[in-house]
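Below: one structure, written as structure tokens.
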Amino acid sequence: MITEDQQEVRRKLQILDSMPGFGWSANAAGQFTYVTPNALAFLGITDDALNAAEAGNEFGWRGVVHPDDYQRVADRWRHCLRTGDPYDAEHRLRRADGTYRWFRNSGRPFREEHGNITEWFGTTIDIEDEMRAQEALRERERMLHQLVETLPAMIDCATPDGEPIYRSQQMSEFLGYDFDDLDASGKSRLDATLKASVHPDDLEGVQTDYAYSLATGEPYARRHRLRQSDGQYRWVETRAAPMRDADGAVVQWNVICLDIDSEVRARHELQLAQERLARASQAASLAELSASIAHEVNQPLAAIVANSHACHRWLSAEPANIERAKITAERIVRNANAAADIVSRTRTLFSQSAGTRTIGPLDDVIAETRELLADEAARRGIQMEVEVARNLPPVAFDPVQIQQVLINLLRNGMEAMDAVTSKRVLRLRVSRANEVVRTEVSDNGPGIELPARMFEPFFTTKEDGMGIGLAICRSIVEAHGGQLWAENNGSSGATFAFALPVGANA
């Protein structure tokens, strides 16, 4: 006959067998008293083997637990046996084929009426898929974090009311402080960040735009200066966009901050270069105007000469015609005043653009001129090749005037290739030749018919030209103690060259 205790044991075993996963029971000493058959089949051992204690294997199951997990699991099991705390552990078990899978092991003590633990009952659930999913999730989070930290931008996240809650490492290093510093300031994080980091001249505009975006949910975008950890301000472009839930409510603001200081400075330099180009163009226009004025001066000078001859004749007559001579003399005075007025106006115009000569190599003015004309060359489909010899000796020159010469020669070369259908190449070479620095501008256009006349005033081969640009260039070069000339190339095109003396004797 089956006793009541035996029936109770059978009932407990049936409960264990019906549980999901593996079921087990152990005595108060921690030795297994029952393991469900499916667990033994999975492990590929007998229940006797699980309790075969040996040196270093007090519970008998060391061989089925992953070596990296055993010590942690055994320590936890001993602690629970000693204190009666619930047993919970996650570890890997070796399957009969030698592979390991993750399991969650949970055990609870069974106490008799006096509270003493008489037995432990537990379940072991396969969580391999869950662990893999968690590991995949952790890997995705790691990759996302790495993506945020390696983007060439500074990232910030804020609450719906604009309070920062996350800041990428790049942004933290740029600003030089963290959230603890902000929280200790006694101000809101947003207010403390803006006042500590935004340039004082930009602060009001940034605050106004931020407030508008936070109130309306509209995206934020603005360029301003931001103070970095070394105290220097750099230009940045900050953009913020709201992240919304299914109902359209803003749950977070995501902010990206791009360092555009180099771009802003380059744009400023470009603006200055364009202004210099404009001034150079104005100087060229002024030179053309001066030629026109010279033509105007010619007329009163010619009238002065003619009237002088007439006055001489009236005074030389017998008898002398004083009245006619006086009238002619008055005409001479009027003509002289007219010429003086023209010269005065011309001097006024030129005195505003007069430069001073410097002593040094031509490298900088060559580079600046190339940059000024780069867009025009690209627009015309012209390839510019610049070759400047190393260690050029210094020359004495007026940078504005020499740049005017270079711009004139380079533009003439570009215009000469307008009808060229093949590859258009404009070459600029600077080299030393004995005691001069020689600059050559070569094109592959049709060449020039009369090289010797190209520098004559008012001689031009252009339909709309005035014929004074090259004349002015020659005057500038000769005023520097140099020479300017032109010649046809051997195959095609022409070369304009000028030479400036080495040293400060120009």
Once Lys and Arg are counted +1 and Asp and Glu -1 for all other residues with Cβ under 9 Å from that of ALA221, the total becomes +1
Compute the Cα gyration tensor for the range 172-238, then decide on rounded, prolate or oblate, letting a ≥ b ≥ c be the square roots of its eigenvalues: rounded whenever a/c is under 1.5, prolate when a/b is larger than b/c in the other cases, and oblate in all that remain. oblate
Return the long-range amide H neighbours of GLY447 (sequence gap of 5 or more, or a different chain), with a cut-off of under 5 Å between placed amide H atoms. GLY493, ALA494
Amide H proximity to GLN252 below 5 Å, modelled H, separation 5+ or other chain, gives MET243
Phi angles of the range 137-145, converted by Karplus (6.51 cos²θ - 1.76 cosθ + 1.60, θ = phi - 60°) into ³J(HN,Hα) in whole Hz with x for Gly and Pro, give 5, 4, 5, 5, 5, 5, 5, 5, 4
Please compute the Kirkwood hydrodynamic radius of the range 358-501 from all pairs of different C-alpha atoms, in Å with one decimal. 15.4 Å
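Read-outs throughout are calculated quantities, based only on the coordinates presented, and are distinct from any laboratory measurement. From a predicted model like this one, the values you see are computed outputs, not experimental measurements. Positions of Cβ are backbone-derived with ideal geometry, glycine not excepted, and every protein chain shown enters the neighbour counts.
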